[in-house]
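K.L.:
I'd like to ask you about the structure that follows.
The values are calculated or read from the model by the stated rules, or taken from the named source; none is laboratory data. Bear in mind the structure is a predicted one, so any value in this text is a computation, not a measurement. For neighbour counting, all protein chains shown are included, and Cβ atoms are generated from backbone atoms with ideal geometry for every residue, glycine included.
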Amino acid sequence: METSTKQKIPVFQVNFEGFIHLIATILLLIGIYASLRTMINMKFFDKYPTAGVLTLSFVYPPYYPKEEDCFYSQPYFDEKGKIRKATIEELSSEKIAQQRCVNDVKNTRENTKMNDINMSTFFLFLGAGILITKKFFFK
């Protein structure tokens, strides 16, 4: 005679309403965090940082451009490989390149600022919208 034992299989119940509430709350908290950091960056920094408020980098710290990076002294060499003074054309070209670099950094700052404002608003709107509309779907 063979006896069989019945094993109880665990049943996981998913509370869909609770899951939606959790996701909406997380999105809303991300929006609040991003909004606060954006406001702090706008209020307390003379120049808006080039790093966004919602950047994720776990491997190594990323490089963000700064105006100081544009002003490096470039050596010029003669035919014998010795350092020489720059010509007027070379100095003019270097000044144009420096000004272009500074303008690029300014554009990066403005783009980062607009992106931070947009992302903050998006997460606030998404989180609040889900929390508000959830009431209509789960009565």
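K.L.:
Looking at the range 63-102 only, could you name the residues that are closer than 30 Å to Gly31 by Cα and surrounded by 11 or more Cβ atoms within 10 Å (Cβ to Cβ)?
P.N.:
Tyr64, Pro65, Lys66, Glu67 - these are the residues of the range 63-102 that are closer than 30 Å to Gly31 by Cα and surrounded by 11 or more Cβ atoms within 10 Å (Cβ to Cβ).
K.L.:
Now a separate question. For a quick check of your reading of the model, give me the residue pairs whose first member lies in the range 23-36 and is within 10 Å of Val53 (Cα to Cα) and of a type in the set (Val, Ile, Thr), whose second is part of a helix (DSSP H, G or I) and modelled with pLDDT of 95 or more, with beta-carbon atoms closer than 6 Å and at least 6 apart or on different chains.
P.N.:
none
K.L.:
While we're on this one: So, of the residues in the range 1-48 that are modelled with pLDDT of 70 or more and basic (Lys, Arg), which turns out to be farthest from Thr121 (Cα to Cα)?
P.N.:
Across the range 1-48, the extreme among qualifying residues is Lys8.
Condition check ((1) surrounded by 11 or more Cβ atoms within 10 Å (Cβ to Cβ); (2) farther than 22 Å from Leu28 by Cα; (3) of a type in the set (Gly, Ala, Ser); (4) under 27 Å from the mean Cα position of the chain (by Cα)) across all residues:
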| site | (1), (2), (3), (4) |
| --- | --- |
| Phe44 | no, yes, no, yes |
| Val105 | yes, yes, no, yes |
| Met119 | yes, no, no, yes |
| Gly129 | yes, no, yes, yes |
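K.L.:
Exactly one condition in (1) farther than 27 Å from Leu126 by Cβ; (2) exposed (fewer than 10 other Cβ atoms within 10 Å of the Cβ) is false for Leu56; which is it?
P.N.:
(1)
K.L.:
Does Thr108 satisfy the criteria of being closer than 30 Å to Leu36 by Cα and in contact with a Gly (Cβ under 6 Å, 6 or more places away or on another chain)? Talk me through it step by step, then tell me what you get.
P.N.:
On the way: closer than 30 Å to Leu36 by Cα: yes; in contact with a Gly (Cβ under 6 Å, 6 or more places away or on another chain): no.
Judged against the criteria, Thr108 is not a match.
K.L.:
Residues of the range 49-74 being at pLDDT 85 or above and either among the aliphatic types (A, V, I, L, M) or not in a helix (DSSP H, G or I) (or both), which ones?
P.N.:
Pro49, Thr50, Ala51, Gly52, Val53, Leu54, Tyr64, Pro65, Lys66, Phe71, listed by residue number.
K.L.:
Every residue in the range 129-139 that is in contact with a helix residue (DSSP H, G or I) (Cβ under 6 Å, 6 or more places away or on another chain) and assigned to a helix (DSSP H, G or I), please.
P.N.:
Ile130, Leu131, Lys134
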